[in-house]
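Below is one structure; the comments refer to it alone.
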Amino acid sequence: MRTQAPEGRDRAGLTPIMQGRISLPSLCHFLLPWAFATFHRALGDQAPHPGPHYLLPPIHEVIHSRRGATTTLPCVLGAPPPSYKVRWSKVEPGDLRETPILITNGLHARGYGPLGGRARMRRGHRLDASLVIAGVRLEDEGRYRCELINGIEDESVALTLRLEGVVFPYQPSRGRYQFNYYEAKQACEEQDGRLATYAQLYQAWTEGLDWCNAGWLLEGSVRYPVLTARAPCGGRGRPGIRSYGPRDRKRDRYDAFCFTSALSGHVFFVPGRLTLSEAHAACRRRGAMVAKVGHLYAAWKFSGLDQCDGGWLADGSVRFPITTPRPRCGGLPDPGVRSFGFPRPQQAAYGTYCYSE
């Protein structure tokens, strides 16, 4: 049995009607939403943007820089809310916390933590909330968040600061696989570097890094890059980044993969047949210090340092940088930093590499 709709409504009970005819206002109320929806579909806008959105999406989500440079992380408002704050923070690798850097209400800004002292707002215009970091350091690399807080609908954009640099494997004079995670981290810092991230190791692998010993990375995993697959290095399968996965940071022991970037000073070679103590004295006489391993790699990578002579470094190792490979300079076909290992400190047989600011 069919039920008749009450007078003045259709059977769905939704559309106002008048018996026998539809009024013009009712017709417009019915047709206009349909017309706008059709228009948006014709433009390719399948769904209207929900709610107000004030932050403009960044043109580039990855910002490239070098150590010592001044860099800008862009964050721009398309329109200002009536009242708001912008909070910048750094997403720490390996855990789920964020470290605050700076908070501003558009007029005044307050910095936080060690990075806050080197950070300021750019303020190129009244809608500019971009962050400027002066004197970029190795530890500044990573992921950042610009968050707009207006009390109604908070928004954020994420950016990644990536430093140009070089990854180098490192082991102490005692031999390979001596470091737990924390010792590896300290060793890299002592050699003017920091533990490399997986992304940095991957980039180094694409640029030719081939190393058969496993080493710690910043995230706490242990890996090694293989460019030429061979039996002692994980088998004869495809080249790539071999992984041991996450390991016990206190108990397990491996080498370290360190990362360093451009230098503010320069590295130079002092020839001679010196012991390690004589190498230190030779550098001091020139107003310099014996170079660290990271210094030598950075000079090779960014300054094209090419020297076919072994020289002492601060950790007691002897190395030399080759930009243009040749038979009598290590015999390898690729550029790189060659190593003589850790000779006896009293052995007077090498020059030294000095570093001066």
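The table that follows gives values for the structure above.
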quantity	calculated
Gain upon complete extension [E190, T160; 0.36 nm per residue less C-alpha separation]	8.2 nm
Interatomic Cα distance distribution for region 55-163, bins of 5 angstrom, percent	2, 12, 25, 27, 19, 10, 3, 1
Magnitude of the charge dipole, region 132-228, Cβ model with Lys/Arg +1 and Asp/Glu -1, debye to 20	480
Accessible-area value, E183, 1.4 Å probe, nucleic acids and ligands omitted, Å²	70
K301, K90, K85, ranked by accessible area, largest first (probe 1.4 Å)	K85, K301, K90
Assigned charges on the beta-carbon of Lys, Arg, Asp, Glu; region 155-286 dipole about Cα centre (debye)	500
Farthest toward positive dipole pole in region 165-260 [+1 Lys/Arg, -1 Asp/Glu at C-beta], among P246, T206, F259	P246
Chain lengthening between R118 and H60 when straightened (0.36 nm per residue, less Cα-Cα)	18.6 nm
Cα centre as origin, Lys/Arg/Asp/Glu Cβ charges: region 62-149 dipole, Debye	280
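The values are calculated or read from the model by the stated rules, or taken from the named source; none is laboratory data. Because the structure is a prediction, the values reported are computed rather than measured. Methodologically, a virtual Cβ is constructed for each residue, glycine included, from the backbone with ideal geometry; neighbour enumeration extends over all protein chains shown. When the accessible area is computed, the model is the full protein with side chains, heavy atoms only, and any ligands, DNA or RNA have been set aside. Shrake-Rupley method; radii C 1.70, N 1.55, O 1.52, S 1.80 Å.
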